[in-house]
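In what follows, a single structure is set out as C-alpha cells and then discussed.
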Amino acid sequence: MTDTTHVPHDDGSAGVASSRQVLSSLRAVVSAMQMYADGVGHDLGLHRSDLMAMNLMSQAAARGTSMTPSQVARSMSMSAAAVTALVDRLERVGHLERHPDPTDRRRVKLDVSRQAEDVSRTMFRPMNDELVEVMSHYTEDELEVVDRMLTEFTRAVMRAREHNPAEDGDSGLAARPPTLGHHATG
C-alpha cells in the first residue's frame, strides 16, 4: 500500500492524507473513468447517456431485476421522449432488448443484450486489467476498507442527489444564471 504519511498537503507539508486530498483523488478517478468511457462510447458510436443507461441496466441485471424506461428516465433525469430515443437507438444497434413485463403486459422491461455485454467486456478490459493490477498490491483488509468507503461514498452521493438544493429553492442557487436544464441525450 502507498505510505500516506509522506503525502504532501496543499501547503507542501508532509502528513496523512486529508479528506480534501481523498476527495480530490476521487474526483480525478471519476474524471479519468468518464474520459475512458467517452472514448469507448465514441469508438462504439454511443453517447455518454447510452453507456450510463446500459450500466444502470447491467447493475439491475446483477441484482436479478430489469429496468423499465420510466426507471431509466428517473435515474438519469431524462424526459420520457429522450429515453424513448435512447432505447430505440440502443435496440437498433443490438445493445438492448425489450421484453413485456410478465406481471403487467402494458409495461416494458429493458435488458442489455449479450452482444452489448461482450462488447463492453472487450472495450473495458484494458481499464479493468489496469485496476486489478493496482489492487493486487493491497491486502484484503485494505481492499475491504476501500470497498466500504466507496460504498458509503455512493450512498452519500445518492442522499445528496435526493436533497438537491437547486430543487429546494432555498439555497441561493436560483440567483445563478440559468443552465441548459434537463438534457435530451446526455
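The values are calculated or read from the model by the stated rules, or taken from the named source; none is laboratory data. Please read these numbers as outputs of a predicted model, since none were measured by experiment. Cβ sites come from the backbone with ideal geometry, for glycine too, and all protein chains shown count toward neighbours.
Just checking, how many residues over segment 67-80 are at negative phi, surrounded by fewer than 19 Cβ atoms within 10 Å (Cβ to Cβ) and either assigned to a loop (DSSP other than H, G, I, E, B) or without any contact (Cβ under 8 Å) to a residue 40 or more places away in the chain (or both)? Write out each step before concluding.
Step one: list which residues in segment 67-80 are at negative phi, which gives 67-76, 78-80.
When the remaining residues are screened for being surrounded by fewer than 19 Cβ atoms within 10 Å (Cβ to Cβ), the result is 68, 70-71, 74-76, 79-80.
With either assigned to a loop (DSSP other than H, G, I, E, B) or without any contact (Cβ under 8 Å) to a residue 40 or more places away in the chain (or both) added as a condition, the list becomes 68, 70-71, 74-75, 79-80.
Summing the residues that are at negative phi, surrounded by fewer than 19 Cβ atoms within 10 Å (Cβ to Cβ) and either assigned to a loop (DSSP other than H, G, I, E, B) or without any contact (Cβ under 8 Å) to a residue 40 or more places away in the chain (or both) in segment 67-80 gives 7.
What tally of residues in segment 43-66 results from selecting those that are part of a helix (DSSP H, G or I) and either among the polar types (S, T, N, Q) or more than 20 Å from Ala82 (Cβ to Cβ) (or both)? Write out each step before concluding.
Pass one, segment 43-66, residues part of a helix (DSSP H, G or I): 43-44, 48-62.
Adding the requirement that they be either among the polar types (S, T, N, Q) or more than 20 Å from Ala82 (Cβ to Cβ) (or both) leaves 43, 49, 55, 58-59, 61-62.
Selection size over segment 43-66: 7.
Contact list please: Cβ distance under 9 Å, first residue in segment 130-152 and assigned to a helix (DSSP H, G or I), second residue among the hydroxyl-bearing types (Ser, Thr, Tyr), pairs at least six apart or on different chains.
Val146/Tyr138
For Val30, indicate whether it is modelled with pLDDT of 90 or more, surrounded by 13 or more Cβ atoms within 10 Å (Cβ to Cβ) and not in a loop (DSSP other than H, G, I, E, B).
Details: modelled with pLDDT of 90 or more: yes; surrounded by 13 or more Cβ atoms within 10 Å (Cβ to Cβ): no; not in a loop (DSSP other than H, G, I, E, B): yes.
Considered against the rule, which asks whether it is modelled with pLDDT of 90 or more, surrounded by 13 or more Cβ atoms within 10 Å (Cβ to Cβ) and not in a loop (DSSP other than H, G, I, E, B), Val30 comes out as no.
Got a number for residues in segment 81-117 being more than 16 Å from Ala62 (Cβ to Cβ), assigned to a helix (DSSP H, G or I) and of a type outside the set (Ser, Thr, Tyr)?
Result for segment 81-117: 12.
Within segment 52-63, is there a residue that is over 29 Å from Leu131 (Cα atoms) and touching a strand residue (DSSP E or B) at 6+ places or on another chain (Cβ under 8 Å)? Full working, then the answer.
Going residue by residue through segment 52-63, those that are over 29 Å from Leu131 (Cα atoms) are none.
No, because not a single residue in segment 52-63 is over 29 Å from Leu131 (Cα atoms) and touching a strand residue (DSSP E or B) at 6+ places or on another chain (Cβ under 8 Å).
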